[in-house]
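Laboratory data are not the source of any read-out in this text; all were calculated from the coordinates shown. What you see is a predicted model; the values in this text were computed from it and never measured. Glycine also receives a Cβ, built like all others from the backbone with ideal geometry; neighbour counts cover every protein chain displayed.
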Amino acid sequence: MGHIRLGQLPRTRKWRDVVELIAAGADVPQVANATIKAADDAFTFVNDDSGYNQAVWLITQLGLAAGQDNPLEHLRANGVNIQDNTSLPGIVVASAMQITRRKTSLI
């Protein structure tokens, strides 16, 4: 069933290495490192994609905010306008608006 959704992996040496590691029962860090190396080329096209870069930046800020005493203040300090007592949909909307603002300011 997964082959229908995922399609086929590229037939590069790096991806064959990943498959061989899995088949050999390699440990998770080995498979993860090989996967990162194999996928690295696939993500080079997003280097200049401001929308993608802003979304990744925001994800890092959400993670950093989670470790703060006042997560909402951390997000506000980084341009995400979140109201007190907001809901999860409110955070999503504020995040999307922040990405849009940052992306358009770069154009």
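What number of residues within region 60-80 are surrounded by 14 or more Cβ atoms within 10 Å (Cβ to Cβ) and either within 18 Å of the chain's Cα centre (by Cα) or more than 16 Å from Ser50 (Cβ to Cβ) (or both)?
10
Of all residue pairs spaced 6 or more apart or on separate chains, those with beta-carbon atoms under 6 Å, a first member in region 52-77 that is more than 14 Å from Ala96 (Cβ to Cβ) and without any contact (Cβ under 8 Å) to a residue 60 or more places away in the chain and a second member that is of a type in the set (A, V, I, L, M, F, W, C) and part of a loop (DSSP other than H, G, I, E, B) are Leu72/Ile82.
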